[in-house]
1. Can you confirm whether Phe217 is touching a residue at least 40 places away in the same chain (Cβ under 8 Å), among the aromatic types (Phe, Trp, Tyr) and not in a loop (DSSP other than H, G, I, E, B)?
2. Could you count how many residues in region 152-170 are touching a helix residue (DSSP H, G or I) at 6+ places or on another chain (Cβ under 9 Å), part of a helix (DSSP H, G or I) and over 17 Å from Trp51 (Cβ atoms)?
3. For Ser21, state whether it is among the polar types (S, T, N, Q) and out of contact with any Asp or Glu (no Cβ under 7 Å at 6 or more places or on another chain).
4. If I go through region 119-151 residue by residue, how many of them are part of a helix (DSSP H, G or I) and over 21 Å from Phe202 (Cβ atoms)?
5. Restricted to region 51-87, and to residues that are among the hydrophobic types (A, V, I, L, M, F, W, C) and part of a loop (DSSP other than H, G, I, E, B), which residue is nearest to Leu38 (Cα to Cα)?
6. Name, by its number, the condition in (1) in contact (Cβ under 8 Å) with a residue 40 or more places away in the chain; (2) β-branched (Val, Ile, Thr); (3) farther than 18 Å from Leu98 by Cα that does not hold for Val150.
7. Could you pull out the residue among Val35, Val61 that is in contact with a helix residue (DSSP H, G or I) (Cβ under 7 Å, 6 or more places away or on another chain), modelled with pLDDT of 95 or more and more than 24 Å from Val187 (Cα to Cα)?
Amino acid sequence: MEPNTEAKGSDVTGDDRDFQSSELGTKQFWEDVYVRDLDNFKESEDVGDIWFGEQSQMRVVRWLEDYEHVDLQDAILDLGCGNGMMLVELHGEGYKDLTGVDYSEAAVQLARNIANKEGMTDIKYEVADLIHDVRQGVLTCRCGQYRVCVDKGTYDAISLMPDDALTARQTYRTNIKHLLRADGLFVITSCNWTQEQLEEFFSKDFSLLSVIPTPTFHFGGKTGNSVTSLVFKPKS
Ligand SMILES: C[S@@+](CC[C@H](N)C(=O)[O-])C[C@H]1O[C@@H](n2cnc3c(N)ncnc32)[C@H](O)[C@@H]1O
């Protein structure tokens, strides 16, 4: 099924029209993944996949450390946290106000189990669908209070939704703006979108602050990145 790209204003680009939906854009897919991972964790304490690999996660954590303007007490929200390993890593670095949200109940249960096993019982987790307006109470919303919102693979998953992915992406973008403080940071890691595409889409509400370097590959005389990691700040 083709994504709906009708009459959505300047957010529709040629890139959107080329984008195919996939089962990775459905809640059922992620619920099945995390039900399986939850069982595995109960059996063998295997935490499951860290999407895009541990290095992708560490690049974000190291960038936040090097940036030096994020305090350990600042509120950090992991959007589509999956197994919550990003938050476990941030907790290990000393960050104290950590929240993960995911629409998969099994993911949140797995993330809680992993955090509990690590003795990190102060990490907060919540089940919520981030393509619904966060101001309407879908999330125990601390709107305007997060210093950092982290996304690794979640915008990618939302982009693959079978039905009206563009509207979902637009709501997601607006939600992030509402969740962040005025001086907040939105850190996104994507394997489906290039830097140019992410900048173009998020430029309605955000401006680019920093590009987190990721490995490059060379193919057919061209150089590219398999993963893109960017830091945006909200426009006033
Ligand atoms: C590629 S996985 C990444 C998981 C985690 N961020 C990581 O890096 O390991 C995408 C995650 O986004 C979550 N997700 C997708 N759409 C969502 C939505 N509308 N609301 C909340 N979570 C969503 C999925 O359940 C899944 O955990």
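1. On the way: touching a residue at least 40 places away in the same chain (Cβ under 8 Å): no; among the aromatic types (Phe, Trp, Tyr): yes; not in a loop (DSSP other than H, G, I, E, B): yes.
Against the criterion (touching a residue at least 40 places away in the same chain (Cβ under 8 Å), among the aromatic types (Phe, Trp, Tyr) and not in a loop (DSSP other than H, G, I, E, B)), Phe217 does not qualify.
2. Adding up the residues that qualify gives 5.
3. Numbers: among the polar types (S, T, N, Q): yes; out of contact with any Asp or Glu (no Cβ under 7 Å at 6 or more places or on another chain): yes.
When the stated conditions are applied, Ser21 passes them.
4. Here is the first cut: in region 119-151, the ones part of a helix (DSSP H, G or I) are 134-136.
In the following step, the residues that additionally are over 21 Å from Phe202 (Cβ atoms) were identified as 136.
Result for region 119-151: 1.
5. Within region 51-87, the subset among the hydrophobic types (A, V, I, L, M, F, W, C) is 51-52, 58, 60-61, 63-64, 70, 72, 75-77, 79, 81, 85-87.
Then drop every residue that is not part of a loop (DSSP other than H, G, I, E, B), which leaves 51-52, 70, 72, 81.
Numbers: Trp51: 16, Phe52: 20, Val70: 32, Leu72: 30, Cys81: 14 Å.
Step by step, filter region 51-87, then rank; the result is Cys81.
6. Unmet for Val150, out of (1) in contact (Cβ under 8 Å) with a residue 40 or more places away in the chain; (2) β-branched (Val, Ile, Thr); (3) farther than 18 Å from Leu98 by Cα: (3).
7. Working: Val61 fails: more than 24 Å from Val187 (Cα to Cα).
It is Val35.
Each row is one residue, and each column tells you yes or no for (1) touching a Pro at 6+ places or on another chain (Cβ under 9 Å); (2) aliphatic (A, V, I, L, M); (3) within 14 Å of the ligand (Cβ to nearest atom).
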{"site": "Glu118", "(1), (2), (3)": "no, no, no"}
{"site": "Ile131", "(1), (2), (3)": "no, yes, yes"}
{"site": "Tyr146", "(1), (2), (3)": "no, no, no"}
{"site": "Tyr155", "(1), (2), (3)": "no, no, yes"}
{"site": "Leu160", "(1), (2), (3)": "yes, yes, yes"}
{"site": "Thr174", "(1), (2), (3)": "no, no, yes"}
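The values are calculated or read from the model by the stated rules, or taken from the named source; none is laboratory data. From a predicted model like this one, the values you see are computed outputs, not experimental measurements. Please note: Cβ atoms are built from the backbone with ideal geometry, for glycine as well, and neighbour counts cover all protein chains shown.
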